[in-house]
Amino acid sequence: MALVTVFFRAAAITGCGLILLACGDSGLGPDFDPAVEAFVELMNDHRVGVGCAALEWNGFVAEVAQDHSRDMVQRDFFAHENPDGASPFDRLTAAGIGYSRAAENIAWGYGSAASVLAGWLDSPGHRSNIENCSLTQHGVGLLETHWTHVFITP
């Protein structure tokens, strides 16, 4: 199991508007990986427990997160920057997602929602992203045991 140093950026970057996608009781819809759905519920329960609002699901941010998890599996690397040098912020910008703040947590080798959340909460930098009340939207990517959690504030 591995965790990598956390990325966080606050910047004034403009881009297209965001559309929040939500359906079903969980807000994620019926086609989501149950592990992602469980993670979102556990993580948002934690945020509310520390006095933050629950993060809003953003389908476009989730696509960026899922693409990074897929890229890490397909090209066999584990890092915030891909082998081409693109950072989480580069990936958001390339997807046309504007933000004033952004952060990313990644993990590898955690087989359940509870274990990855526990791993991130045991790491001060990762915990800081999860508990940063100024971050308001997110998306999660998961392929095999490669987790990517991208946070933004539009």
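We did not get these values from a lab; they are worked out from the coordinates using the rules stated. This is a predicted model, so every value here is computed, not measured. Because the Cβ atoms are built from the backbone with ideal geometry, glycine has one as well, and the counts that use them run over all protein chains shown.
In order along the range 136-149, phi translates into HN-Hα couplings of 10, 10, 7, x, 10, x, 8, 9, 6, 10, 9, 9, 10, 10 Hz, rounded to whole numbers, per the Karplus curve 6.51 cos²θ - 1.76 cosθ + 1.60 with θ = phi - 60° and x for Gly and Pro. Couplings 3J(HN,Hα) of the range 97-112, computed from phi: 9, x, 7, 9, 9, 8, 8, 9, 10, 10, 8, 9, x, 8, x, 9 Hz, in residue order, whole Hz [Karplus 6.51 cos²θ - 1.76 cosθ + 1.60, θ = phi - 60°; x for Gly and Pro]. Given R0 = 30 Å, the distance between the Cβ atoms of Asp84 and Ser112 translates into a calculated FRET efficiency of 0.45.
Seen from His46, the other residues with C-beta closer than 11 Å to its C-beta sum to a net charge of -1, counting Lys and Arg as +1 and Asp and Glu as -1.
With a simple spin-label model that places each label point 7 Å from the Cα along the Cα-to-Cβ direction, the separation between Ala38 and Ala53 comes to 2.9 nm.
Full extension of the chain between Ala95 and Glu131 yields a length gain of 10.4 nm, computed as 0.36 nm times the residue separation minus the alpha carbon distance.
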